[in-house]
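Data block below; observations after.
The values are calculated or read from the model by the stated rules, or taken from the named source; none is laboratory data. Here the structure is a predicted model, which means the values were calculated and not measured. Ligands, DNA and RNA are excluded from the accessible area calculation, which covers all protein heavy atoms including side chains. Shrake-Rupley method; radii C 1.70, N 1.55, O 1.52, S 1.80 Å.
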Amino acid sequence: NSEDVRCKCICPPYKDQSGHIYNKNVSQKDCDCLHVVEPMPVPGPDVEAYCLRCECKYEERSSVTIKVNIVILLA
């Protein structure tokens, strides 16, 4: 299920840009700032410096397992 995987990038404030969290459904190999942060909030020369500050993590979850656990807890 494509909704069970995502890449989450947490980018702290940079120059006049406030911090922001970006989420996107991409493959694990594409889990980086350049593929996830859209639109890029800084101009071309600052992209590398901005992306170096961002922390990107690939996350997987099983929504079926989560639903089963909720049913068991509510029963």
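Any idea what angle helix 63-74 forms with the longest principal axis of the chain, computed on alpha-carbon atoms, 0 to 90 degrees, nearest 10?
Computed tilt is about 50 degrees.
What number of lysine-lysine pairs in segment 5-74 show an alpha-carbon separation below 18 angstrom, given a sequence spacing of 8 or more or placement on distinct chains?
Number of lysine pairs found: 5.
Can you give me the % of accessible surface on the chain that is carbon or sulfur? Probe 1.4 Å, all protein chains present, nothing else counted.
56
Which number comes out as Rg/Rh for the chain once both Rg and the Kirkwood Rh are worked out on C-alpha atoms?
Ratio value, two decimals: 1.16.
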